[in-house]
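Structure, as structure tokens:
The values are calculated or read from the model by the stated rules, or taken from the named source; none is laboratory data. Note that the structure is a prediction, hence the values are computed from the model and not measured. Cβ coordinates were reconstructed from backbone atoms using ideal geometry, including for glycine residues, and neighbour counts include every protein chain displayed. Note: areas computed on protein heavy atoms with side chains; ligands, DNA, RNA excluded. Shrake-Rupley method; radii C 1.70, N 1.55, O 1.52, S 1.80 Å.
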Amino acid sequence: MMNNTEVKNRLQRFDSTTLAYAIQKAFPFLFQNTDQLRQELDKYVFPRLDFLAEIENHQYYFLFEEHYVETEWKDMISMHYINTSYEVVNTVMRIHLFLEEEMNEQPYMGCFTMRTIDEPHIMLSYIYPNWKYVTYDDKPLNIMTYQKEVHINGKEIIFNTYPLFVQDNAVVTCAQACLVSMSKYLHSRYDYNRIRIGKIDDSYHSNKTKAYPSQGLLPTQMLEILNSHDIPCGYQMYNDPAEFKEYIDYCVESAIPVLVGLRVKENGNSKKAGSHVIQIIGHSDVETQKRYVIYDDSGYYLKKLEGNGFVECISWEVLSSSLEKNKSFIIYSIHEKVYIYFENFKMRMNDMLFRTKMDAMMDVDGKNGNRRILLIDNREAKRFLQENMVCDVNVHQDVREEAGRLLQIDMPHYLWCCEYSTAMGNMLFLADPTYNRRTTKNIFLNKVPLICKSQIGLLNYV
């Protein structure tokens, strides 16, 4: 909770000089030289916030919160930093950013936290961007988010965000950071268990080495950790590029983060490639120019692409250039009570279209490039049907009646959803994933295709 005595009632200009002064004033025993701290903030912190704001082109404001309790930092201190010579405080600083000099929800850009330690290059801890203020080349983005509440001077601000956790390269490397970040999102949006840093080392047993400094995690160790926290997950090794991309697309459309294990080449030399893990948390809106929104918690991968921050949009061609067969992989969560998996659902979808003689109409380009597949909460599906079909007088009567019928029936928690873009509009099919994968029953819920002008989706459009 925020201590009102530790919060300034006025906003300050957001730049490295003012922020360094606020930090040094709050913790003079950690930072005696304000100018040196400013230089280190310019080097290690501000470049990593470049996706949140083009700082050089606009004047922003911040509110500085001296003491904020963050479980991850307390765990890191108790596990490692208490045994080192660093000076630390067991709370973090929290910095709230505003577009204007007013403390309201509309200009709120999000916040970030900084570990209270006398080592500026590992101070940055969490970044919570308000995604409606994040743009890339003025192109729209579709982002996985959950609603986060912050309280500032008695005011409650609610915004859509994704928790971006930053490694320290001692207790936490890229793999641990991705697991913590992903599980926090899954917990906030789907009520999965959260992965605590303090429990990671006890959550796997294979190939253990000295705990600190951490050497990272193998894919098998990451799967053990997820399993021990009751987070059901899938795993795919990179072999068939088209199939690998299909899995990424289905997960991203389902608002499920994808952990990607890739190889980062040193000076273009594949023999000196290092292993690294990033997250995919969204994509750009235009299918023909689709780019994936990736979070690279160390910036190691993005630096090789001549980037400087943590978040960037990259094409499939760029991403696939860092994937190696039998070495690269993806890890993603699978909702409970989903027993018909992606590959099996695709087969059933194709078979149903073939039997009903709709396959030629759907598969326009012969490669299913006009198809979107996702897992969706039945409440989201019913909301979409209500708003876009039942209430739309321009929708054909048969479709409105079928959508109305679907609103009245019991559905499993999650549904398979397949949408085709056709000349008539977006043609939608819903299916029950709770049957056995070898079932002979009809898994499709709608008796006629549902046609709508709008796309169904789970990502937050910004």
Report summary line: Simple SL model, points at 7 angstrom along Cα→Cβ for Ala273 and Asn169; separation in nm is 2.2 nm
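Given a Förster distance of 22 angstrom, what is the FRET efficiency for Asn446 paired with Phe354, based on the Cβ-Cβ distance and rounded to 0.05?
Details: r = 18 Å, r/R0 = 0.80.
Result of the calculation: an efficiency of 0.80.
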Report task. Find the relative contact order for the stretch 311-462 and round it to a whole percent, using C-alpha pairs within less than 8 Å whose residues are 6+ positions apart. Result -> 24 percent
Query - For the stretch 80-87, 3J(HN,Hα) per residue [Karplus equation, 6.51 cos²θ - 1.76 cosθ + 1.60, θ = phi - 60°, Hz, x = Gly/Pro] - result: 9, 5, 5, 9, 10, 8, 5, 8
Report task. Scan [x] 1.05; [y] 1.09; [z] 1.23 for the value of Cα Rg over 2.2 N^0.38 Å calculated from this model and give just the label. Result -> [x]
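Given R₀ = 30 Å, what would the calculated FRET efficiency be for Asp191 paired with Asp285, taking r from the Cβ atoms and rounding to 0.05?
Details: r = 28 Å, r/R0 = 0.95.
The computed FRET efficiency comes out at 0.60.
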Query - Debye, to nearest 20: dipole size of the chain, +1 on Lys, Arg Cβ, -1 on Asp, Glu Cβ - result: 1160 debye
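Which of the residue pairs Lys304/Lys325; Lys43/Lys210; Lys43/Lys290 have a Cα-Cα distance greater than 26 Å in the structure shown?
Values: Lys304/Lys325 20 Å; Lys43/Lys210 30 Å; Lys43/Lys290 31 Å.
As for pairs spanning more than 26 Å Cα to Cα, those are Lys43/Lys210; Lys43/Lys290.
Over the chain, with every protein chain in place, what whole percent of the accessible area is carbon and sulfur at 1.4 Å, could you tell me? Intermediate values should be presented prior to the final figure.
Values: 9610 of 21130 Å².
The computed percentage sits at 45.
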Report task. Hand me the chymotrypsin sites (Phe, Trp or Tyr not before Pro) from the stretch 153-244 located in a DSSP loop with no more than 15 other Cβ atoms within 10 Å, in residue order please. Result -> none
Requested in this report: Quick one: check the C-alpha center-to-center distance for the stretch 390-462 versus the stretch 108-167, whole angstrom.
Outcome: 34 Å
Requested in this report: Please give, to one decimal in nm, the separation of the simple spin-label points placed at Asp410 and Ser228, each 7 Å out from Cα toward the Cβ.
Outcome: 3.8 nm
Query raised in the report: Hey, rough spin-label estimate for Cys391 and Thr434, points 7 angstrom out along Cα→Cβ, what's it come to in nanometres?
Result: 2.8 nm
Report summary line: Of the residues Phe98, Val338, Ser254, the Cα lying farthest along the dipole of the chain towards its positive end, which is defined by charges on the beta carbon of Lys, Arg, Asp and Glu, belongs to Val338
Requested in this report: Report, by chain and number, residues whose modeled amide H sits under 5 Å from the one on Leu450, excluding near sequence neighbours (fewer than 5 apart, same chain).
Outcome: Leu428
**Report entry** Unit charges at the beta carbon, dipole of the chain: most positive-side option, Pro232, Val45, Tyr68
**Finding:** Pro232
Query raised in the report: Over the chain, what relative contact order in percent results from Cα pairs under 8 Å that are six or more residues apart?
Result: 12 percent
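Which of the chymotrypsin sites (Phe, Trp or Tyr not before Pro) found in the stretch 24-95 are loop residues per DSSP with 16 or fewer other Cβ atoms within 10 Å of their Cβ?
Sparse-neighbourhood loop chymotrypsin sites (Phe, Trp or Tyr not before Pro): Phe29, Tyr86.
Using a Förster distance of 22 Å, how high is the FRET efficiency between Ser315 and Tyr341, based on the Cβ-Cβ distance and rounded to 0.05? It would help to have the intermediate numbers written out before the result.
On the way: r = 27 Å, r/R0 = 1.24.
Working from the Cβ atoms, E equals 0.20.
With every protein chain kept in the model, how would you rank Asp249, Asp297 by accessible area, 1.4 Å probe, largest at the top?
Values: Asp249 30, Asp297 0 Å².
Largest accessible area first, the residues go Asp249, Asp297.
Calculate, in nm to one decimal, what Tyr44 and Tyr86 gain on full extension: separation in residues at 0.36 nm each, minus their alpha carbon distance. Could you put the intermediate results ahead of the total?
Working: separation 42, 0.36 × 42 = 15.12 nm, distance 1.81 nm.
Full extension of this stretch gives 13.3 nm more.
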Report summary line: From the Cα centre of the stretch 24-42 to that of the stretch 293-347, the distance in Å is 37 Å
Report task. Excluding residues on the same chain fewer than 8 positions from Lys382, give the aspartates and glutamates whose Cα lies under 16 Å from its Cα. Result -> Asp392, Glu401, Glu402, Asp410, Glu419, Asp432
Report summary line: Counting sequence-distant residues (5 or more places) and residues on other chains, those with an amide H built under 5 Å from that of Ser333 are Gly234
Query raised in the report: Can you work out ³J(HN,Hα) from phi for every residue in the stretch 190-200, in order, using Karplus 6.51 cos²θ - 1.76 cosθ + 1.60 and θ = phi - 60°, giving whole Hz and x for Gly and Pro?
Result: 10, 6, 6, 6, 8, 8, 8, 4, x, 10, 4
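How long is the gain from Tyr136 to Arg10 if the chain were fully straight, where each residue apart is worth 0.36 nm and the alpha carbon distance is subtracted? Walk me through the numbers before you get to the answer.
Values: separation 126, 0.36 × 126 = 45.36 nm, distance 3.07 nm.
Contour length minus Cα-Cα distance gives 42.3 nm.
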